[in-house]
1. From the list Glu134, Glu161, Glu168, which one is out of contact with any Ser or Thr (no Cβ under 6 Å at 6 or more places or on another chain) and within 18 Å of Trp71 (Cβ to Cβ)?
2. Taking the criterion of being closer than 26 Å to Asn228 by Cα, under 20 Å from the mean Cα position of the chain (by Cα), away from the ligand (no atom under 11 Å from the Cβ) and without any contact (Cβ under 8 Å) to a residue 40 or more places away in the chain, would at least one residue in the range 64-77 satisfy it?
3. All but one of (1) in contact with a helix residue (DSSP H, G or I) (Cβ under 7 Å, 6 or more places away or on another chain); (2) more than 8 Å from the ligand (Cβ to nearest atom); (3) of a type outside the set (Asp, Glu); (4) at pLDDT 95 or above hold for Gln242, so report the exception by its number.
4. Across the range 130-149, what is the total count of residues that are within 13 Å of the ligand (Cβ to nearest atom) and within 15 Å of Asp220 (Cβ to Cβ)?
5. Please go through the range 213-239 and give me each residue that is within 12 Å of the ligand (Cβ to nearest atom) and part of a helix (DSSP H, G or I), ordered by number.
6. Could you check the range 194-208 and list, in sequence order, the residues that are of a type outside the set (Asp, Glu) and more than 8 Å from the ligand (Cβ to nearest atom)?
7. For the condition acidic (Asp, Glu), closer than 29 Å to Ala128 by Cβ and at pLDDT 95 or above, what is the one hit in Glu192, Glu247, Glu203, Glu253?
8. Can you tell me how many residues in the range 1-34 are modelled with pLDDT under 95, within 19 Å of Ala230 (Cα to Cα) and more than 15 Å from the chain's Cα centre (by Cα)?
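The values are calculated or read from the model by the stated rules, or taken from the named source; none is laboratory data. Please read all numbers here as calculations on a predicted model, not as lab measurements. Reconstructed Cβ throughout: ideal geometry from the backbone, glycine too, with neighbour counts over all protein chains shown.
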Amino acid sequence: MEERSLGSVIGLGTWNTFGANRELAREVVTTALDGGSRLFDSSPMYGAAEESLGLALHERRGEAIVATKIWAGSVEKGHGQFEDQVRWFGRVDVEQVHNLVSWREHLPWLEEEREAGRIERLGVTHWAAAAFGELARALRTGSFSVLQVPFNPLERECERELLPLAAELGVAVIAMRPLGDKSRLRHPPPVEALAPLREFGVETWPQALLKWALSDERIDAVIPATRNPAHACENAAAGDHQWLGPEERRLVERLAQT
Ligand SMILES: NC(=O)c1ccc[n+]([C@@H]2O[C@H](COP(=O)([O-])OP(=O)(O)OC[C@H]3O[C@@H](n4cnc5c(N)ncnc54)[C@H](OP(=O)(O)O)[C@@H]3O)[C@@H](O)[C@H]2O)c1
């Protein structure tokens, strides 16, 4: 089994963000990299986001962990997606089966590509708690070393079975949807409520949420998505390794619920 950690990193999600807009992709990705973000999550499901990401990374590809996905009902289609990814990224650092689509069919060829060195690690993702049993079955094969699931103060179902299983198996965990409820994002808690978090480098509500997730030692990366370079900069600043303790995490949980 490969080592678990991806390095406790802030990443960048690319669903519903820059899509085919290459200029915007360059701005967002460059700002994220400059701010210290290292992991970039994408998928063939996200329009042209993968190609835009590849172009935006360009000569800085070596600074990035590219975590993308295969989202295909057939092996043939999956192969085609992978060949595109190799063109855009050179190789894939984390290749995830998106929403577990045909994961048993894809696994043999993905393992061959990993053996050949064109993929470093294999992973599985799903957004729905109803699929967590199947995620656990996939992890128990021992073939996957990365798991991606939703994790934020109001979405914690993965804590029941998957996070303990990932820890037991040495599987790294990427938290999707780390900013949670979008209405709370639009109406964040007053800045005074975040005062106890300031010594941990938290200035804003999105930073409190990102730090909350990454301060759980079972979480290796969070991947907030944004199309706004200023938000990419703000989010990247939450990855400075001053982790919250239990008391501060409980404060974030209370604020998320109010
Ligand atoms: N099944 C799967 O594999 C799966 C499913 C869901 C998600 N994912 C991955 O996880 C990533 C993240 O999930 P998500 O996109 O659902 O949700 P998210 O990252 O929790 O939230 C994204 C939203 O937050 C806003 N935002 C980001 N930073 C902000 C900031 N600093 N201040 C205010 N608003 C901010 C963005 O708007 P702005 O653009 O205005 O900043 C966007 O509307 C996805 O992009 C994708 O890569 C994977």
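1. Answer to the selection: Glu134.
2. yes
3. Among (1) in contact with a helix residue (DSSP H, G or I) (Cβ under 7 Å, 6 or more places away or on another chain); (2) more than 8 Å from the ligand (Cβ to nearest atom); (3) of a type outside the set (Asp, Glu); (4) at pLDDT 95 or above, the lone unmet condition for Gln242 is (4).
4. The total comes to 4.
5. Ala213, Pro229, Ala230, His231, Ala232, Cys233, Glu234, Asn235, Ala236, Ala237, Ala238, listed by residue number.
6. Leu194, Ala195, Pro196, Leu197, Arg198, Phe200, Gly201, Val202, Ala208
7. So the residue among Glu192, Glu247, Glu203, Glu253 that is acidic (Asp, Glu), closer than 29 Å to Ala128 by Cβ and at pLDDT 95 or above is Glu253.
8. 0
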